[in-house]
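Please read through the structure below; I'll follow up with questions.
No lab work stands behind these numbers, since they all come straight from the coordinates. Keep in mind it's a predicted model, so treat the numbers as computed, not measured. No Cβ is skipped: glycine too gets one built from the backbone with ideal geometry, and neighbour counts run over all protein chains shown.
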Amino acid sequence: MIRVAVVGVGAFGREHARVYSEVAGSHLAAVCDIDESRGRAVAERYGVDFVSDYRELVGKVDAISLAVPTESHQLIACELLAAGTAVLVEKPIARTLSEADQITKTAKRTGAVLQVGHLERFNPAVMAAAQIVTQPRFFEAHRLSVFTPRSLDIDVVMDLMIHDIDVVLSFVNSDVAEVRAAGVPILTPRIDIANARIEFANGCVANLTASRVSAERVRKLRFFQPSQYVSIDYAAQEAGVVGVKHRPEGRPEFASRLLPVEQAEPLRLEIESFLAAVGGAKVRVTAEDGRRALALASDVTEKIREHASRAGVPFAG
């Protein structure tokens, strides 16, 4: 049994605790939170220990899910990794590339397992679509969410758009050539709505839109590759393909089909993958993956900052 703990049991950390309590091969030993009432409530629910200082977990558990605000990722992750504790750090891996590099170097120095929590990589629809990716030429993504008072320490690019950034990067085998972006604050001082146009060196283009102040929830990604159109509905866990066959004479023939998708909870698959890595398997979403997504998300944010400056629109962060 792998002894595990969750550091940070807010809205998402509580879900980590739930899954660890259910997954075979793991023993949820403790939870940690600076909010004692919140932490104790989760600890009592699962019958585990509560600690207010993550340092108390060192030597008592083998692996930890780190679900604290992004600003604390580097400090806590480095201390845990330095002690040889495996860490699943929620996305984004850190606030800055420098902090991401410090986390990565610490993991490499100690050999501790480090996985980044880019959850959509474990969405069954994404995994099904990944099996048929050839040469994507154009992506279009819409990730819209109603406003909730969570993750307000980061903007919508780091909060929501980075999911699609990571998926696109996993599908496109090319460097980024150009980024154009615009965004505005609506209900917070940070960017709440953003659009980015990303062009890769091989000519592929991705047009990504993210909003955390919408009236509806939408999580969809579409991409086009030679002779195929592929659609992914993250929420429904569905992936469809429309293919075209060109005939020497007459109109081309179109055929549509749904990809076989085995419905499952992405967080459970992510945690099972992390536990497997702790046991010696290959890490599915590496620190390098997390850094690459962070680098592109940071570039998008900087382009938005430049666009906003020209337009005279101030925002925080």
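In angstroms, what radius of gyration and Dmax does the stretch 30-86 have, counting Cα atoms only?
Both quantities, over Cα of the stretch 30-86: 11.2, 30 Å.
Only helical DSSP H runs with n ≥ 4 go in: add -39500 (n - 2.57) per run for the chain, normalise by residue count and round the 222 nm mean residue ellipticity to 500 deg cm²/dmol. Please report the intermediate quantities before stating the final value.
Details: 8 runs with 102 residues, N = 317.
Value at 222 nm, helices only: -10000 deg cm²/dmol.
I would also like to ask the following. When DSSP beta bridges are limited to those with both residues in the chain, what percentage is antiparallel, rounded to the nearest 5? Mind dumping the intermediate values first?
Working: 40 of 68 bridges.
About 60 percent, rounded to the nearest 5.
Note down the magnitude of the dipole of the chain about its Cα centre, charges +1 on Lys and Arg C-beta and -1 on Asp and Glu C-beta and zero elsewhere, to the nearest 20 debye.
Values: 37 positive and 40 negative charges, 117 e Å.
So the magnitude is around 560 debye.
Report the gain in length on full extension from L97 to D35: 0.36 nm times residue separation, minus Cα-Cα distance, nm rounded to one decimal. Before the final figure, lay out each step's value.
Values: separation 62, 0.36 × 62 = 22.32 nm, distance 2.87 nm.
Using 0.36 nm per residue and subtracting the Cα-Cα distance, I get 19.5 nm.
A follow-up question, please. Starting with the fewest neighbours, write out E238, E120, E44 ranked by other beta-carbon atoms found within 10 Å of each beta-carbon.
The fewest-first ordering by Cβ neighbours comes to E44, E238, E120.
Moving on to the next point. Where the centroid of each part is defined by its Cα atoms, how far is the stretch 78-129 from the stretch 160-187 in Å?
Spelled out, the Cα-based centre of one part sits 19 Å from the other.
Match the structure shown to one of the listed values [x] 1.04; [y] 1.17; [z] 1.09 of Cα Rg over 2.2 N^0.38 Å, computed from it, and give that label.
It is the value labelled [x].
To continue, here is another question. Suppose a student asked you for the relative contact order of the chain, using Cα pairs under 8 Å spaced at least 6 residues apart; what percent would you report? Walk me through the intermediate numbers first.
Details: 683 pairs, mean separation 58.1, N = 317.
The value is 18 percent.
Moving on. Which one of P248, P69, P124 has the biggest mean-square fluctuation once the chain is modelled by GNM with Cα springs under 10 Å?
Ranking P248, P69, P124 by mean-square fluctuation puts P248 first.
While we're here: If amide H atoms are built 1.01 Å from N in the plane of the peptide, which residues on other chains or at least 5 residues away come under 5 Å of the amide H of E238?
Here D233 satisfy the definition.
Take M1, M158 and order them by how many other Cβ atoms sit within 10 Å, fewest up front.
On the way: M1 9, M158 25.
The most exposed by this proxy come first: M1, M158.
Turning to a different aspect of this structure: Based on Cα positions only, what radius of gyration and what Dmax would you give for the stretch 34-184, in angstroms?
Values for the stretch 34-184 (Cα only, Rg and Dmax): 17.9, 51 Å.
For the stretch 293-308, in order, what is each residue's ³J(HN,Hα) by Karplus, 6.51 cos²θ - 1.76 cosθ + 1.60 with θ = phi - 60°, in whole Hz (x at glycine and Pro)?
Rounded to whole hertz, the list is 5, 5, 4, 6, 5, 5, 5, 4, 4, 5, 5, 5, 4, 5, 5, 5.
Which entries in K60/K282; K105/K303; K60/K91; K108/K282 show an alpha-carbon gap greater than 22 Å?
Working: K60/K282 24 Å; K105/K303 28 Å; K60/K91 25 Å; K108/K282 14 Å.
Distance filter (> 22 Å) returns K60/K282; K105/K303; K60/K91.
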